[in-house]
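I have placed the structure first, in the form of structure tokens, so that the comments after it can refer back to it.
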Amino acid sequence: MTSPAPSPVLLGVSLKMYFGHHQTLNWARRIAALADRHPAVTSGAARLFVLPAFPTLVPAAGILAPYGVALGAQDIATEDSGPYTGEVGGPVLKEIGCRYAEVGHAERRRLYGEGDTVVAAKTAAALRNGLTPVLCVGERDASDASDAAARTVAEAERLLHGLEGAVVLAYEPQWAIGAPEPASADHIGTVCTALRDWLDTRPEHTGSTVVYGGSAGPGLLTRLNGTAEGLFLGRFAHDPAGVEAILDEIRSPAPAAVA
Ligand SMILES: O=C(CO)COP(=O)(O)O
């Protein structure tokens, strides 16, 4: 009997609003080349997704999709079509090849006033359009890990109430975003394990993944030792060498023994 293959590690990158258009496409070409040659990706041990700015989605998909790198949007409208100036709806995102839509990021909550009602409606919009929500959850201020775990599970439960479908739950403690260092491995492990345990009681979210984001970079996956199922990267993915260093931490499965 062979043991089942471990689930792939999920590595997502949000480019937020850092890069120009051509800069994004040049970065995407380097990520595509990395995905083409890195054994963690070619063996299926790691899966990559990228969330660039809206105008870059179509050309970035042309560069990344042939190498199995999935695309997603950094936001999604609560409605599917109609008089919603400036918004981009789920049907269009699906049509242009997105697989993911990010919702509930701390920056959108803090800077654009998005609260639970909007975040839940955006999550629902992603799911009804066949997109996997990358649902960001996490406490605002640094606190004790078990308190953070209880709050974050309650938040996920509230936001996903009544919804069905696989999600990426991105544990992003708001105080660790844009910081010099991520939260401690113990803190992340406590909260991500609590989120995983909670998801395991929810058959309606089978297939979901728990990742960590917030100043994540090279070395963190190793320190987490499997307590998170992946990372959601920001600044430390701007240099493709950082993404490569993280992929180097993911062990590819050993080649099958020859009988
Ligand atoms: O917010 C994040 C990912 O969505 C994390 O960003 P930083 O890694 O730049 O802190």
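Project the alpha carbons of segment 1-157 onto their principal axes and report the range along each, largest first, in whole Å.
47, 42, 30
Quick one: Karplus J couplings for segment 145-153, per residue in order, coefficients 6.51, -1.76, 1.60, θ = phi - 60°, nearest Hz, x for Gly and Pro?
4, 6, 5, 4, 5, 5, 5, 6, 5
Once you put a point 7 Å from the Cα of T42 and another 7 Å from the Cα of E244, both along the Cβ direction, what distance in nm separates them?
Result for the modelled spin labels: 1.4 nm.
Measuring with a 1.4 Å probe in the full set of protein chains, what accessible area per residue, in whole Å², belongs to segment 9-248?
Result: 43 Å² of accessible area for each residue.
Using only the alpha-carbon atoms of segment 59-147 as identical scatterers, what base-10 log of I(q)/I(0) does the Debye formula give at q = 0.17, 0.19, 0.26 Å⁻¹?
-0.74, -0.87, -1.27
Note down the accessible area of R29, probe 1.4 Å, to the nearest 10 Å².
We get 120 Å² for R29.
Using a basic spin-label model with each label point 7 Å from the Cα along Cα→Cβ, how many nm lie between E87 and R110?
Modelled inter-label distance: 2.5 nm.
What translational diffusion coefficient, to the nearest whole µm²/s, does segment 12-95 have by Stokes-Einstein, given a Kirkwood radius computed over alpha-carbon pairs, a temperature of 20 °C and 1.002 mPa s viscosity?
157 µm²/s
Evaluate Rg over Rh across segment 73-213, taking Cα atoms for both radii and Kirkwood's formula for Rh.
0.97
Kindly write out, for segment 91-105 in residue order, the coupling ³J(HN,Hα) from the Karplus curve 6.51 cos²θ - 1.76 cosθ + 1.60 (θ = phi - 60°), rounded to whole Hz, with x marking Gly and Pro.
x, 5, 4, 5, 4, 8, x, 5, 10, 10, 9, 7, 9, x, 4
Can you tell me the Rg and Dmax of segment 184-232, counting just the alpha carbons, in angstroms?
Values for segment 184-232 (Cα only, Rg and Dmax): 11.1, 33 Å.
Treating the beta-carbon of each Lys and Arg as +1 and of each Asp and Glu as -1, no other charges, what is the dipole magnitude of segment 1-132 about its Cα centre, to the nearest 20 debye?
Charge dipole of segment 1-132: 420 debye, to the nearest 20.
Can you work out the FRET efficiency for the pair R202 and R140, with r the C-beta to C-beta distance and R0 = 25 Å, to the nearest 0.05?
0.55
Using label points projected 7 Å from each Cα along Cα→Cβ, tell me how many nm separate N26 and R235, to one decimal.
2.1 nm
Computing the accessible area with a 1.4 Å probe over protein heavy atoms, can you report the carbon and sulfur percentage for segment 9-248?
Carbon plus sulfur share of accessible area: 53 percent.
The values are calculated or read from the model by the stated rules, or taken from the named source; none is laboratory data. These figures come from a predicted structure and were not determined experimentally. Glycine also receives a Cβ, built like all others from the backbone with ideal geometry; neighbour counts cover every protein chain displayed. The area values use the complete protein model at the heavy-atom level, side chains included, leaving out ligands, DNA and RNA. Shrake-Rupley method; radii C 1.70, N 1.55, O 1.52, S 1.80 Å.
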